[in-house]
Each structure stands twice: as structure tokens, then as C-alpha cells.
Amino acid sequence: MGQLTGKVAIITGGAASIGAAISRKLHSEGARVVIAARSEAKGRAIESELGEGALFVPTDITDDNELQNLVARAASAFGRLDIVINNACSYGDDGPATSRAVWLDTLNVNAVSAAILGELARPHLAAARGNIVNIGSISGRFAHIGRWAYPVSKATLAHLTRAQAMDYAADGIRVNMVTLGHIWSDPFDGLTTGDRAHADKVSADLNLLGRVADAGEVANVVAFVASDAASYMNGSETAVDGGYGMLGPERRVPLMPLLAGQG
């Protein structure tokens, strides 16, 4: 038996990239998975791949009616709802020049929709004493040159996680965040035109493991945080960043020998 046997999970953005890895992992651990995504082709493909215990629900998470339908379909298909994984993400960002429309869309997808979905799922999660896992980013903790909207949206999601944990604790609902560093995913694939070695090289000095992570490494942690094995975790942030977050401005550079060598 897997660590999620008998559980029912919604995964937003669950048909591609990191979301698909999360869907596969939760399903392999015994969960019945409800995959929310806009792409019909990708959604049907992973639903078919996983087979029994997988349901694709076409969903625009910025539409409250579609979120209501998502929750209702999960409950009607599987009789309960234990877990919500807020993974869907917009990377819209033009730095200081970001338009109001892009600002609002990025915040809407990355934070507001997670708040609305959590509240719609709340009665079901309370009945199951379930939990929410929000997928965050190191960008929500550190400023990045030329990027404004995406980091601000992830910082917002981090605080939303704490707010949800505070208010939902009375219902027996845990809310936690898994904070990601450099992951081999659709954005990295696109930016490097599929060159994983180049991505590893660029990332090498920015984390202690010297590479980008596989999406499966993220999924393993998400599955644990969503499981009963993490029953005393609430309002927490778990970093899957290879040590990015603990490096200071000096990174791996040994300052003292450099200073001594300049004498």
C-alpha cells in the first residue's frame, strides 16, 4: 500500500511538467487523482496513461465556476476530497515594464486562484481532515533582476499559505508550501531549447548540488508533505532547491583566500 492509499487529490496544472510528475507520484502512492488543466490533449493523455483512479477535468482556475465544477467533480467521482495541490502557474513578467494586465493575470493565477480553490474545497477537506500543498518558489524569497510580477506572486502565495494554515487549523486542515529552486521543467526546457547540460551548468554555482532537479524529485517531497506521515507539519515551507536558499551573496566563493591573495 502506498502512503496515499484511499486519498483523493486535486492537482492544478497537473497534466504537464512538474504538475504531471506530481500527478504520477500521487497516483503511484495510491491516491485517486483529479487533474485540472486547460490543455485537453495533455489532460486526456495523462488520464489515459494513469488509467483507473485518474480523472481529467478541463479547468481554467481563474474562473470561479470552473473551480466549483472541479471540486464537485472530484467529490462526485470519488466520494471525498483529501488533498489540494496548487501547482498551476503563470510566468507572466516583464520586470519594471510589466503591464497592469500581466500583473493582474500573474497574481490571479499564482495566488488568488489558490485562495479561492482552497475555500471552495474547505468543507470537503474539513470532513476528511485533509490538507493543501501550495507550490512556491525561491523567487518568492529573493529578488531577481528584471523580474517583478512572478516573484511578487510567489511571495504572496507564501503568505497565503500562512494565512490559510492559521484559519483552517480549526477545521483540522493542514496547509504547507513546497518551495522550488531550479527544476528541469517546461520553462527551463524552453529557455535552453532542451539542453539539460546547459541548464545544469548555469545552475551549478547557484546551489550546493550543482545541477537542476528532476520534476520527480519535487513530486517525492510533495507526496510526503501531503501524506499522513507529515501530520504535524502546518504552515511550513519545505525547500526543494538544492541548497540555493542557504547560499549568501558570496555563494561558493571563498572570500578570505581571495582577500589574502590581493595583499
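The values are calculated or read from the model by the stated rules, or taken from the named source; none is laboratory data. Computed from a predicted structure; not experimentally measured. In this analysis, Cβ positions are derived from the backbone assuming ideal geometry, glycine residues included, and neighbour counts consider all displayed protein chains.
Here Asn65 meets each of (1) over 18 Å from Ala226 (Cα atoms); (2) touching a residue at least 12 places away in the same chain (Cβ under 8 Å); (3) in a helix (DSSP H, G or I) with one exception, condition (2). Scan the stretch 112-137 for residues that are part of a helix (DSSP H, G or I), crowded, with 21+ Cβ neighbours inside 10 Å and aliphatic (A, V, I, L, M) and the total you get is 4. Pairs are defined by a Cβ separation below 6 Å, a sequence spacing of at least 6 or placement on different chains, a first member in the stretch 11-27 that is more than 12 Å from Asn134 (Cα to Cα) and polar (S, T, N, Q), and a second member that is outside any helix (DSSP H, G or I) and at pLDDT 95 or above; the pairs so defined are Ser23/Ile11; Ser23/Gly14; Ser23/Val33; Ser23/Ile35.
Against the list (1) surrounded by 15 or more Cβ atoms within 10 Å (Cβ to Cβ); (2) in a helix (DSSP H, G or I); (3) not hydrophobic (A, V, I, L, M, F, W, C), the condition Pro257 fails is (1). Within the stretch 166-195, can you find the residues that are farther than 20 Å from Tyr150 by Cα and part of a strand (DSSP E or B)? Residues satisfying the conditions are Arg174, Val175. One residue stands out in the stretch 202-221 among those that are under 12 Å from Val240 (Cα atoms) and in contact with a helix residue (DSSP H, G or I) (Cβ under 7 Å, 6 or more places away or on another chain): the one that is surrounded by the fewest Cβ atoms within 10 Å (Cβ to Cβ), namely Gly216.
Evaluated against (1) of a type outside the set (Val, Ile, Thr); (2) free of Cβ contacts under 8 Å to residues at least 40 places away in the same chain; (3) crowded, with 16+ Cβ neighbours inside 10 Å, Phe224 falls short on exactly one condition, (2). A single member of Val152, Val109, Val102 is buried (at least 21 other Cβ atoms within 10 Å of the Cβ), free of Cβ contacts under 8 Å to residues at least 60 places away in the same chain and in a helix (DSSP H, G or I), and it is Val109. Is it true that some residue in the stretch 9-23 is over 26 Å from Arg147 (Cβ atoms) and of a type outside the set (A, V, I, L, M)? Yes. Taken as a whole, the structure leaves Asp94 outside the set of residues that are within 25 Å of Ala9 (Cβ to Cβ) and either among the acidic types (Asp, Glu) or more than 19 Å from the chain's Cα centre (by Cα) (or both). Do the conditions hold for Ile35, that is, is it part of a helix (DSSP H, G or I), under 14 Å from the mean Cα position of the chain (by Cα) and buried (at least 23 other Cβ atoms within 10 Å of the Cβ)? It is false that Ile35 is part of a helix (DSSP H, G or I), under 14 Å from the mean Cα position of the chain (by Cα) and buried (at least 23 other Cβ atoms within 10 Å of the Cβ). Which members of the stretch 38-62 meet the condition of being crowded, with 16+ Cβ neighbours inside 10 Å, touching a strand residue (DSSP E or B) at 6+ places or on another chain (Cβ under 8 Å) and in a helix (DSSP H, G or I)? Result: Gly43, Ile46, Glu47, Leu50.
Please specify each residue of the stretch 196-230 satisfying the condition of being in a helix (DSSP H, G or I) and under 14 Å from Asn131 (Cα atoms).
Val222, Ala223, Phe224, Val225, Ala226, Asp228, Ala229, Ala230
The set of residues from the stretch 28-40 being over 19 Å from Pro187 (Cα atoms) and either hydroxyl-bearing (Ser, Thr, Tyr) or without any contact (Cβ under 8 Å) to a residue 12 or more places away in the chain (or both) comprises just one member, Ser28.
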